[in-house]
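Structure record follows, encoded as structure tokens.
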Amino acid sequence: MNHNEITTFLNDNNVDAAWITTPLNIFYLTGYLSEPHERLFSLLITKDGEETLFCPKMEVEEAKNAGFKGNIVGYLDTESAFDLIEQRDYATFAIEAEHLSVKRLREVEQAFNVQQIEDIDQVLKDVRNVKTDEEIELLHEAAKYADLAIQAGVEKLAEGVTEIEVLNHIETTMKQHGISKMSFDTMVLFGDHAAAPHGTPGDRQLKNNEFVLFDLGVIYKGYCSDITRTVAFGTPTDKAKEIYNIVLEANKQAISIIKPGAKISECDKVARDIISNAGFGEYFPHRLGHGLGLSVHEFPDISSANKDEFKPGMVLTVEPGIYVPGVAGVRIEDDIVVTEDGHRILTGYQK
Ligand code: MN
Ligand code: MN
């Protein structure tokens, strides 16, 4: 993998080395995915481009098998990784300030005789923000499985079935297709239960003539999908249908403006204006969407606060919603890739 962006940052800013600690960032840079729990797991990159992975000894072979070509320092639970390397000083040292704990920071400051700390978070966000064609292909595959998962959920709907039963059917079906992990806890919410945007599925039973909200995603070869569909079981009330049509319009119009050079904040505004003008502004309490990649929520933030423009290779969600307590909760979410001249929608399940 190409780490020029990181060594360029180090050299341009006179930083001696970077200490990468977010497991997904290490996966992105090394091809090796690990969940270290409380153990030390870090990638050291010097300004000369030398790379050293610090990981538990039992994981050394896996890291090599994943294709990592740099140095590996494997340590036992009973020893300190820093005792296994020759003493080196990195006076100016870049860390992931949003991830590294204060305790770990003190350890590295001492181990490498650090005098000054810089943040490397934004560099990593910028690198991961623009996806390669290969990454987009994997995100598209993940989105196709998400479509299939919605399909499985819809097939299970019947009067009296519980949210948990539908959820179980969806996840079992995904496992039968070889998907080992969902990208977050699958959401299946019936009727007014969906009026809480992040509700928890339970033993609520499905009644005739209400909406069902599915929000789910899968992880395919490390890459996440995230889709929401709100489907009618029978014939919902006119009020509920009105809400659905407003959200659908907001979803479609917001997606329609996505292209390189368009403002990200404008995308949020298009959807928010449609919902506000219809009188439901106060019932749309969240940003329009978020970036999607190795993490289900990543850079960029699709909100009024983001002053950036869309760039080719960005992958993001558009997910307007209206949640009226006691009436209905509707959200419609798609995964979108920004192309050279516009956009492509990766999720395909009918709306
Ligand atoms: Mn979602
Ligand atoms: Mn989402």
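Summary table below
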{"quantity": "The stretch 293-336 - residue that is among the aliphatic types (A, V, I, L, M) and under 21 Å from M182 (Cβ atoms) and, of those, farthest from ligand 1 (Cβ to nearest atom)", "calculated": "L294"}
{"quantity": "Any hit, the stretch 279-291, residues being open to solvent by 20 Å² or more (accessible area, probe 1.4 Å), more than 29 Å from D185 (Cβ to Cβ) and either outside any helix (DSSP H, G or I) or more than 16 Å from ligand 1 (Cβ to nearest atom) (or both)", "calculated": "yes"}
{"quantity": "Lone qualifier among Q110, Q87, Q122 - being among the polar types (S, T, N, Q) and outside any helix (DSSP H, G or I)", "calculated": "Q87"}
{"quantity": "Whichever residue in the stretch 223-248 is crowded, with 24+ Cβ neighbours inside 10 Å and hydrophobic (A, V, I, L, M, F, W, C) and, among such residues, is farthest from A328 (Cα to Cα)", "calculated": "C224"}
{"quantity": "Enumeration of residues in the stretch 281-292 that are out of contact with any Phe, Trp or Tyr (no Cβ under 7 Å at 6 or more places or on another chain) and more than 15 Å from ligand 2 (Cβ to nearest atom)", "calculated": "G281, E282"}
{"quantity": "Out of G160, G191, sole residue that is assigned by TED's automatic domain parsing to the domain that holds P236, on the phi > 0 side of the Ramachandran plot and loosely packed, with under 14 Cβ neighbours inside 10 Å", "calculated": "G160"}
{"quantity": "Hey, A271 open to solvent by less than 70 Å² (accessible area, probe 1.4 Å), more than 16 Å from ligand 2 (Cβ to nearest atom) and modelled with pLDDT of 95 or more or not", "calculated": "no"}
{"quantity": "The one condition in (1) within 16 Å of ligand 1 (Cβ to nearest atom); (2) touching a residue at least 40 places away in the same chain (Cβ under 8 Å); (3) more than 28 Å from D273 (Cβ to Cβ); (4) open to solvent by less than 10 Å² (accessible area, probe 1.4 Å) that N251 fails to fulfil", "calculated": "(3)"}
{"quantity": "Subset of the stretch 26-50 (residues that are over 16 Å from L124 (Cα atoms) and either open to solvent by 40 Å² or more (accessible area, probe 1.4 Å) or free of Cβ contacts under 8 Å to residues at least 60 places away in the same chain (or both))", "calculated": "Y32, L33, S34, E35, P36, H37, E38, R39, F41, D48, E50"}
{"quantity": "Test set (1) at pLDDT below 95; (2) open to solvent by 60 Å² or more (accessible area, probe 1.4 Å) - N65 fails condition number", "calculated": "(1)"}
{"quantity": "Single residue of the stretch 192-224 satisfying the filter (more than 15 Å from P325 (Cβ to Cβ) and touching a Leu at 6+ places or on another chain (Cβ under 7 Å)) that is nearest to ligand 2 (Cβ to nearest atom)", "calculated": "C224"}
{"quantity": "Matching entry among I72, I120 (being within 30 Å of V315 (Cβ to Cβ), hydrophobic (A, V, I, L, M, F, W, C) and either crowded, with 17+ Cβ neighbours inside 10 Å or touching a strand residue (DSSP E or B) at 6+ places or on another chain (Cβ under 8 Å) (or both))", "calculated": "I120"}
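The values are calculated or read from the model by the stated rules, or taken from the named source; none is laboratory data. The model shown is predicted, which means the values in this text are computed figures rather than measured ones. As a convention, Cβ positions derive from the backbone with ideal geometry for all residues, glycine included, and neighbour counts pool all protein chains shown. Just so you know, the surface numbers come from the protein's heavy atoms only, side chains and all, with ligands and any DNA or RNA stripped out. Shrake-Rupley method; radii C 1.70, N 1.55, O 1.52, S 1.80 Å.
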